[in-house]
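The values are calculated or read from the model by the stated rules, or taken from the named source; none is laboratory data. Values in this document were obtained by computation on a predicted structure and should not be read as measured data. Positions of Cβ are backbone-derived with ideal geometry, glycine not excepted, and every protein chain shown enters the neighbour counts. Side chains included, ligands, DNA and RNA excluded: accessible areas come from the protein's heavy atoms. Shrake-Rupley method; radii C 1.70, N 1.55, O 1.52, S 1.80 Å.
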Amino acid sequence: MVFLQNNPESKNNHRLYVMALILLAAPFYLNDFANIFVKSWQWWLFIDYAGVKLFPCLIVLWLIRSGRMRPSEFGFSYQSVTSFLAVFVMVALVGTLIDQNGYRLIEHFPECKALGGMPAITSPLWDWIDLTFGLFMVGVFEEIVFRGYVHRFLSRYTRNALAIVLISALAFGLIHWSLGLHAVVITSLIGAVFMIAYICTRSIPAIICAHFAVNFIDFAGVIPKSLFQFF
């Protein structure tokens, strides 16, 4: 364990990292209320893009531009092309296999039913924008927050990789709380895979792309899900 030194600078750094964690993570948990109460897809998109895309982006830019944190603390570090491709393919494949088979494997387990979900987007243009740009931005900011930054935050207090993986996976799974217990379990497992890849590489771009691929296969209907379903 790494404990805070008893000096003002250390305490100020602690406050900064805690404040950043709250500002970055809280919108993801609050955003699920839109799944429950918002029935208009236009308002749902506005809340989603403002709350868990624009807001985290502004916080990260402020922290970096003000010199309070470095890009590497959010996972932006060099990665060779070979490593990028290997990590992308492996993580996307494993994540998709979990996503496409996990629900069937646990379908008989006790379940807390979904409280709500995203309203159907009736505009073909906006639907496609959300399935491409929107899903990519989901990958960008969920990885920045729940892999890059959460790893940096937890690493200040423990070097235990297993603890970091488990805590971060649960934190990631719980941002899907409105979708029910099974969704929390499956997304936690996928989050664990993403964090293991991040610990091994300390670079986030390939994981962002893999995250997008997992979501695109699940939601877009372009690539047949049956290719990845074995149960």
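In table form, for the structure just shown:
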quantity: Cα-based reach from Lys225 at 17 Å (exclusive), listing aspartates and glutamates while leaving out same-chain residues under 8 positions away; calculated: Asp99
quantity: Positive-end extreme of charge dipole, the chain - chosen from Ile196, Val89, Phe33 (charges on Cβ); calculated: Ile196
quantity: At least 27 Å along the helix axis (C-alpha) and Kyte average at least 1.6, DSSP helices within the chain; calculated: 181-201
quantity: Stretchable slack from Tyr103 to Arg159, in nm (0.36 nm times residue separation minus alpha-carbon distance); calculated: 16.9 nm
quantity: Where Rh is the Kirkwood radius over Cα pairs, Rg/Rh for the range 113-188; calculated: 1.08
quantity: Carbon plus sulfur fraction of accessible area for the chain, probe 1.4 Å, in percent; calculated: 72 percent
quantity: Using a Förster distance of 30 Å, the FRET efficiency for Leu170-Val81 (Cβ separation, nearest 0.05); calculated: 0.35
quantity: Compactness relative to 2.2 N^0.38 Å, alpha carbon Rg of the chain; calculated: 1.03
quantity: Ratio of the Cα radius of gyration of the range 40-166 to 2.2 N^0.38 Å, where N counts its residues; calculated: 1.29
quantity: Normalised per residue, the volume of the convex hull around the Cα set of the range 17-85 (Å³); calculated: 124 Å³
quantity: Projected area averaged over orientations for the range 105-231, convex hull of C-alpha atoms, nm²; calculated: 8.9 nm²
quantity: Prolate/oblate/rounded label for the range 74-143 (Cα gyration tensor, a/c 1.5); calculated: oblate
quantity: Solvent-accessible area per residue, Å², over the range 139-196 with all protein chains present [probe radius 1.4 Å]; calculated: 33 Å²
quantity: Dipole moment magnitude, nearest 20 debye, the chain about Cα centre, only Lys, Arg, Asp, Glu C-beta charged; calculated: 740 debye
quantity: Leading residue at positive end of dipole, the chain (Cβ point charges), from Val138, Ser77, Leu16; calculated: Leu16
